[in-house]
Amino acid sequence: MTQNSSTPPLSLPSYVQGLAHRPEVWRTFLAAAGGIGLLVLLSAAAVPVGMVLDKLMGVTPFNVSDPSFTIGFWVAGNLLLGLLIPASTLLCRLVYGAASRTISSVAGRFRWVTLCRATIVVIPVWAVYAVAVQPALGTGAPRWSALNILLCVVAVVTIPLQSAGEEFLFRGLIFRAVGARFARPAISFAVGTTITALQFGLVHGANDPWGVAYYVVMGISFALLTERTGGLEVPVLIHAVNNTFLLVPVVIAGELSTLSAPTGPVVVIPVVVVAIVTGVLWRMTPWLTQASQQRQEASA
């Protein structure tokens, strides 16, 4: 899993500068504002759509005056945020004239082999972390009802869509739109990372230093891995696994309504986990992207 004599040297193009062929400032603002606008619109749409789903399922619908997560609101939010995948891709196409598949990676496609190889590290680490952190989060004991089991299946299906949607928006669209403004890759990366990491923290509703730190560190790590690996596959994987592994115990305990943004000193644990995994995957990148590079060389 580490670089050796049979592994080609890492020579990936800069992902953050993938839109640098059209660096006009109006394009950056249009792409970023359009993306955030879509995020706000889809998030707002989750309220009425969630209310309809709640009524169809016969549960107390989402109450705007006393907001808490309901089943319908949660499912609607996941599915609607999943629409950020095609929406971000379309914005890249319309604003920059970029080929649709280039948003996934510098290889011009979503590299499933890269994602699958990264699971060797991500899945075991998050499984241990998710189990270890539950007592600190105060999650109740599992309640194995038919509804809770069904909701676990829904979580496994819809949470990755929500996570991928956010990655396509923040790292796929805005990260590259900001990076296009600067000629030097290091400056593109630094500014793009700073802006998207702060946005990532703000849109998740973090309202204290602990919560802000959690989301900003996650945003920085995702940007580092996006640029290092040349694509969105590894950040999408970590984002989806993190959200799924932490939320499924809450769902199976029947405590979805208590869901809130992480806060307090306990967030030091995921921050350390993310930092360590980012370092490990950084070192593993030549192996993670080996198949993609070999395919490119064969077609050259």
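No value in this document is a laboratory result; all are computed from the given coordinates. Keep in mind it's a predicted model, so treat the numbers as computed, not measured. Note: ideal-geometry Cβ built from the backbone for every residue, glycine included; neighbour counts use all protein chains shown.
If we count every other residue with Cβ under 11 angstrom of Met284's Cβ, Lys/Arg +1 and Asp/Glu -1, where does the sum land?
Details: positive: Arg117, Arg228, Arg283; negative: none.
Combined, the nearby Lys, Arg, Asp and Glu give +3.
Which whole number in µm²/s is D for the chain by Stokes-Einstein, with the Kirkwood Rh taken over Cα pairs at 10 °C and 1.306 mPa s? List each step's numbers first, then the result.
Numbers: Rh = 20.0 Å.
So the translational diffusion coefficient is about 80 µm²/s.
If you take the charge dipole of region 25-299 about its Cα centre, with +1 on Lys and Arg Cβ and -1 on Asp and Glu Cβ, which of Ser221, Val113, Val274 is farthest toward its positive end?
Val113
Note down the relative contact order for region 181-272 as a percent, whole number, built from C-alpha pairs under 8 angstrom at least six residues apart. Show your work: numbers first, answer last.
Numbers: 64 pairs, mean separation 29.5, N = 92.
Over region 181-272, the number comes to 32 percent.
Counting only C-alpha contacts under 8 Å and six or more residues apart, can you give the relative contact order of region 25-299 as a whole percent? Walk me through the intermediate numbers first.
Details: 370 pairs, mean separation 70.2, N = 275.
Taking the mean separation of contacting Cα pairs over the length of region 25-299, I get 26 percent.
How many angstrom lie between the C-alpha centres of region 154-182 and region 96-140?
The two parts, judged by their Cα centres, are 12 Å apart.
Mind checking the dipole of region 25-299: about its Cα centre, +1 per Lys or Arg Cβ, -1 per Asp or Glu Cβ, Debye to the nearest 20?
Its charge dipole is roughly 860 debye.
Among Val203, Val16, Val106, whose mean-square fluctuation peaks in a Gaussian network model of the chain (Cα, cutoff 10 Å)?
Val203
Peptides 237-248, 91-102, 132-143: what's the order by average Cβ count within 10 Å, highest mean first?
Details: 237-248: 21.5, 91-102: 17.3, 132-143: 13.2.
Per-residue Cβ counts within 10 Å, averaged per peptide and sorted highest first, yield 237-248, 91-102, 132-143.
Take each uninterrupted DSSP H stretch in the chain, measure its Cα extent along the helix axis, and return the ones at 18 Å or beyond whose mean Kyte-Doolittle hydropathy is at least -1.0.
Length and hydropathy pass: 25-57, 112-137, 146-167, 185-203, 209-229, 233-252, 268-288.
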